[in-house]
Structure formats: C-alpha cells, structure tokens
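For reference, the structure is listed below as structure tokens.
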Amino acid sequence: MTAREYLAASKAPRYSLLFALALLVAYEAMAVMVVPSAGVRNGADVVLKWLFVSLGGRSGLLLFNLLLIGVGAWLVARDWRRPGATVVPRVFGTMLAESAVLAMLVGIVVGRATQALLERLAIGQMADFPLRTQLMLSLGAGIYEELLFRVFLVGGLAWLLRRTLDWTPRAAGITACIAGALIFSAFHYIGSYGDPWQLGSFTFRFLAGLVFSALYLTRGLGITAWTHALYDVYVTVL
C-alpha cells in the first residue's frame with residue numbers, strides 16, 4: 001500500500017470508525033472499573049448521554065449506545081461494500097503509530113510555547129484523581145470530546161454552512177474550526193470539575209482545538225480521537 005493509498009484508506013469509515021471503536025471500548029471498560037470508586041466521567045461523555053439518561057435512565061443509556069454503535073456499523077458496512085474495499089489489519093498498526101507521532105507533535109507545536117502553563121495544568125484537578133482515573137478520563141477525552149466537538153460541532157457546522165450558505169468547503173471548514181475551538185476551550189471551565197478561567201489556559205486549549213479540528217477534517221475521526229487520547233495520556237504520565 002502506497003502512502004497515498006494509506007492516507008485515503010485510513011480516513012475511510014471501515015478503518016477510521018473501527019479504530020475509534022477500539023478507543024471507545026477501552027474507555028468504557030476502564031469506566032466500569034473506575035466510576036464506582038471515583039464517581040467521575042469525561043465531561044463530553046456526560047453531555048452526549050445526558051438527554052438519553054434524563055428521559056429513559058438505564059434504558060436511555062442503552063438506546064444511546066445502540067444508536068452510536070448502530071450508526072457506526074451502518075457507515076462501516078456501507079463503506080465495506082464499495083468495489084475494491086478491503087480491510088488490511090496492519091493498517092491499524094500504522095494508524096496507531098501515526099496517532100502516537102501526531103500526539104507528540106501536538107505537545108511540541110502547541111504545548112512548547114506554553115510549557116510553564118502546561119506544567120501548572122498537569123498538577124491541577126486532574127492530578128487529584130488516582131492514575132487509573134486520569135488515564136480513563138484521557139481515553140474518554142479522545143473519543144467523546146472528538147465526537148461532540150469535532151464530529152457533531154465542527155463537522156455539522158461545516159456541512160450546514162456549505163448547504164445553507166453555499167460556502168466553499170475551505171471557508172466552511174475554517175469557520176467551523178475556529179468556532180469549534182472556541183467552544184471546545186470554553187467547555188473546560190464549566191461544571192464542578194471545570195478549571196478556573198485563565199486567558200493563558202483558554203488560549204492554549206483554543207489552539208489545541210484548532211489543531212484537533214483541522215486534523216479531524218483532514219484525517220478523520222479515528223486518527224484524531226487516538227491522537228487526542230494519546231496526547232492526554234502523555235501529559236498524564238510524563
């Protein structure tokens with residue numbers, strides 16, 4: 001498989017969504033072990049499931065999970081039925097390696113300029129949790145924050161601007177990235193576990209949101225979700 005073929009295939013649903021599914025399963029499995037003792041979940045996870053849980057309790061949560069998996073399975077199956085579409089297992093290994101490299105680059109490009117700030121963030125409220133809880137929240141940030149802020153917000157807004165205002169894909173994508181990054185950054189200051197608002201940390205998260213949004217539009221959900229999760233794991237562990 002050539003580099004061009006890899007870039008196209010890894011963004012396709014049969015690779016991207018299956019890759020993201022592995023992260024979803026890892027987060028949910030850790031959450032089952034961690035939540036009873038820690039009582040916390042990733043904020044985007046709570047937001048996405050809130051309406052379903054409010055209306056139906058456990059049944060609503062089950063409905064959310066079935067919808068999420070069902071839509072993903074439909075997209076994968078539709079993509080898999082395309083002529084010549086195959087799944088080569090070693091591609092997932094390459095995608096994981098790419099995500100790991102991109103996660104380090106995010107730290108260098110975005111984090112190096114605010115290194116002192118990043119050190120302060122690393123010993124904030126997240127550091128009050130046990131390591132396994134921090135790792136669980138890192139995985140949750142990768143899958144659920146990307147679903148909420150990149151798939152639904154950035155992807156949805158870009159689609160809406162193209163369809164309703166007839167904007168070019170570039171103009172719609174840039175506008176959606178900026179709006180999504182602003183909302184993504186502001187989200188981290190909401191709720192009982194939110195950080196105290198600071199211009200420096202808001203700017204840092206805004207820039208990170210721009211990077212993840214651009215990455216989603218160019219490389220798809222799977223690579224972006226794993227890049228985000230591995231970046232948070234790097235910050236937690238190192």
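Since VAL76 meets every condition but one in (1) free of Cβ contacts under 8 Å to residues at least 12 places away in the same chain; (2) farther than 24 Å from PRO130 by Cβ; (3) among the β-branched types (Val, Ile, Thr), which condition does it not meet?
In the conditions (1) free of Cβ contacts under 8 Å to residues at least 12 places away in the same chain; (2) farther than 24 Å from PRO130 by Cβ; (3) among the β-branched types (Val, Ile, Thr), VAL76 misses (1) alone.
If I filter region 37-56 for residues that are at positive phi and over 15 Å from the mean Cα position of the chain (by Cα), do I get at least one hit?
Among the residues of region 37-56, at least one is at positive phi and over 15 Å from the mean Cα position of the chain (by Cα), which makes the answer yes.
So is LEU21 aliphatic (A, V, I, L, M), surrounded by 12 or more Cβ atoms within 10 Å (Cβ to Cβ) and farther than 16 Å from ALA141 by Cα or not? Quick ask: steps written out before the conclusion?
Details: aliphatic (A, V, I, L, M): yes; surrounded by 12 or more Cβ atoms within 10 Å (Cβ to Cβ): yes; farther than 16 Å from ALA141 by Cα: no.
Answer is no for this residue.
Give all pairs with beta carbons closer than 9 Å in which a residue from region 176-204 that is within 19 Å of PHE129 (Cβ to Cβ) and outside any helix (DSSP H, G or I) meets a residue that is at pLDDT 85 or above and among the charged types (D, E, K, R); count only pairs at least 6 apart in sequence or on separate chains.
HIS188/ARG205
Examine region 208-223 for a residue that is crowded, with 16+ Cβ neighbours inside 10 Å and free of Cβ contacts under 8 Å to residues at least 60 places away in the same chain, and state whether such a residue exists.
yes
Might you check whether a residue that is closer than 21 Å to VAL151 by Cα and among the charged types (D, E, K, R) occurs anywhere in region 80-89?
Within region 80-89, none of the residues are closer than 21 Å to VAL151 by Cα and among the charged types (D, E, K, R).
The values are calculated or read from the model by the stated rules, or taken from the named source; none is laboratory data. Just so you know, these numbers come straight off a predicted model, no measurement behind them. Cβ coordinates were reconstructed from backbone atoms using ideal geometry, including for glycine residues, and neighbour counts include every protein chain displayed.
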